[in-house]
């Protein structure tokens, strides 16, 4: 059963392009038809008051320091935002593995009930399709080489063109971990050990070699020509975000699949790899988290966490221009991974017990899906 928890209209229709701070109250001086940032501005103003920061805001700038600036965009994006609770009937409100989009369905797996499939974009359950998939009991699923792959009782199976599960003959290099990205040459996955570092793996499909580099909490990989852009973000300490480029994964150090979860002297295996060259670092910031990187209407966007707020922003040099305030309360994306499936972008997130939910982005519509028992 699906329960919509937020209105399906845009989150406000007014954008305050100038305000005055008078006796602690925010008064819009100019309003244009677009996106309402006033609730965010009021919240930031209250936070600044609690922190005893006496200097007033100077819109459109909300923050400047640590080598970057956050400001309101003059060209915001009027998203439609929804929150949907999916009642799964499972024993716990966590999916067994990260949901995927396959054959125009959101395919999720739960320990006690098996696969649940939501037709896109309506999110109506396809129970006939679920019956086709639930002919075995699965503990994990993913997409590899365009096929739906599942792990059942110690063996991997792939769904064939007739909708039947058949043994999967190729490697599943990440084991039962989430896949970060895949193209014709590489399957990319990672392993994070928090403040002890992390490792990013590039599995070469042709040679079956595994190349590694250090990367803690990678969440998004995008291609720019033949270059791989890797976005990582950590919530440890004050938080931080890091974007690097990798032009030739086959030149990275080689390891084996047997060693993919290893630590060396108490630190992640990736710490043994050479650090990226300064020219390969696009940016490194402290004090913010960037959970995702994707595009809407050919505009590259970041899902940004700052001062407890979840925001969407464009980046122009070292300036983050907010195009939409999501204002989900509460929302915190542990272990996020972003994947683009044609018109859809899916941002999975989880805690230590499994996937908690996902953000489904379809054009200018954002749906926050939460799993419920």
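Residues of the stretch 187-204 being buried (at least 21 other Cβ atoms within 10 Å of the Cβ) and closer than 20 Å to residue 98 by Cα, which ones? Don't jump to the end; show me each part of the working.
Quick first cut of the stretch 187-204, residues buried (at least 21 other Cβ atoms within 10 Å of the Cβ) only: 187-191, 197-203.
Within the stretch 187-204, 187, 188, 189, 190, 191, 198, 199, 200, 201, 202, 203 meet the criteria.
Here is a yes/no grid of residues against (1) at pLDDT 90 or above; (2) within 15 Å of the chain's Cα centre (by Cα); (3) surrounded by 15 or more Cβ atoms within 10 Å (Cβ to Cβ):
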| residue | (1), (2), (3) |
| --- | --- |
| 310 | yes, yes, yes |
| 315 | yes, no, yes |
| 318 | yes, no, no |
| 327 | no, no, yes |
| 337 | yes, yes, yes |
| 340 | yes, yes, yes |
| 349 | yes, yes, yes |
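Being within 18 Å of the chain's Cα centre (by Cα) and not in a strand (DSSP E or B) is the filter; apply it to the stretch 139-182 and report the residue that is modelled with the lowest pLDDT.
177
Would you call residue 178 under 22 Å from residue 217 (Cβ atoms), touching a strand residue (DSSP E or B) at 6+ places or on another chain (Cβ under 7 Å) and surrounded by fewer than 21 Cβ atoms within 10 Å (Cβ to Cβ)? Explain how you work it out, then say what you get.
Numbers: under 22 Å from residue 217 (Cβ atoms): yes; touching a strand residue (DSSP E or B) at 6+ places or on another chain (Cβ under 7 Å): yes; surrounded by fewer than 21 Cβ atoms within 10 Å (Cβ to Cβ): yes.
Yes, satisfied.
Could you say which residue among 250, 261 is part of a helix (DSSP H, G or I) and either in contact with a helix residue (DSSP H, G or I) (Cβ under 9 Å, 6 or more places away or on another chain) or modelled with pLDDT of 95 or more (or both)? Steps first, answer last, please.
Details: 261 fails: part of a helix (DSSP H, G or I).
Being part of a helix (DSSP H, G or I) and either in contact with a helix residue (DSSP H, G or I) (Cβ under 9 Å, 6 or more places away or on another chain) or modelled with pLDDT of 95 or more (or both) holds for just one of 250, 261, which is 250.
Looking at the stretch 243-256 only, could you name the residues that are over 20 Å from residue 226 (Cα atoms) and surrounded by 16 or more Cβ atoms within 10 Å (Cβ to Cβ)?
Selection gives 255 alone.
With (1) within 28 Å of residue 145 (Cα to Cα); (2) at pLDDT 95 or above as the list, and residue 285 as the residue in question, which single condition is left unmet?
Exception for residue 285: condition (1).
Given the criteria within 18 Å of the chain's Cα centre (by Cα) and either closer than 17 Å to residue 192 by Cβ or part of a strand (DSSP E or B) (or both), does residue 222 qualify? Steps first, please.
Working: within 18 Å of the chain's Cα centre (by Cα): yes; either closer than 17 Å to residue 192 by Cβ or part of a strand (DSSP E or B) (or both): yes.
Judged against the criteria, residue 222 is a match.
Can you pull out the strands (runs of 3 or more DSSP E) entirely within the stretch 33-136 that have at least 2 residues that are closer than 26 Å to residue 239 by Cα and more than 20 Å from the chain's Cα centre (by Cα)? Break it down stepwise before answering.
Working: elements: 61-65, 68-72, 80-87, 100-102, 105-110, 114-119.
Result: 61-65, 68-72.
List every residue pair whose Cβ atoms lie under 7 Å apart, where the two residues are 6 or more positions apart in sequence or sit on different chains, the first residue falls within the stretch 295-316 and is at positive phi, and the second residue, located anywhere, is not in a loop (DSSP other than H, G, I, E, B).
Hits for this filter: 307/44; 307/47.
With (1) crowded, with 21+ Cβ neighbours inside 10 Å; (2) outside any loop (DSSP other than H, G, I, E, B) as the list, and residue 216 as the residue in question, which single condition is left unmet?
Here residue 216 meets the rest and fails (2).
Answer yes if at least one residue in the stretch 92-104 is at pLDDT below 95, surrounded by fewer than 21 Cβ atoms within 10 Å (Cβ to Cβ) and in contact with a strand residue (DSSP E or B) (Cβ under 6 Å, 6 or more places away or on another chain), and no otherwise.
The initial filter retains those residues of the stretch 92-104 that are at pLDDT below 95, namely 92-93.
Still in the list and also surrounded by fewer than 21 Cβ atoms within 10 Å (Cβ to Cβ): 92-93.
Then keep just the ones that are in contact with a strand residue (DSSP E or B) (Cβ under 6 Å, 6 or more places away or on another chain); that gives 93.
Scanning the stretch 92-104 turns up at least one residue that is at pLDDT below 95, surrounded by fewer than 21 Cβ atoms within 10 Å (Cβ to Cβ) and in contact with a strand residue (DSSP E or B) (Cβ under 6 Å, 6 or more places away or on another chain).
In this structure, does residue 238 turn out to be modelled with pLDDT under 95, farther than 17 Å from residue 218 by Cβ, in contact with a helix residue (DSSP H, G or I) (Cβ under 6 Å, 6 or more places away or on another chain) and surrounded by fewer than 18 Cβ atoms within 10 Å (Cβ to Cβ)? Give the derivation first.
Working: modelled with pLDDT under 95: yes; farther than 17 Å from residue 218 by Cβ: yes; in contact with a helix residue (DSSP H, G or I) (Cβ under 6 Å, 6 or more places away or on another chain): no; surrounded by fewer than 18 Cβ atoms within 10 Å (Cβ to Cβ): yes.
The answer is no for residue 238.
The values are calculated or read from the model by the stated rules, or taken from the named source; none is laboratory data. Please read all numbers here as calculations on a predicted model, not as lab measurements. Glycine gets a Cβ as well: all are built from the backbone with ideal geometry, and neighbour counts include every protein chain shown.
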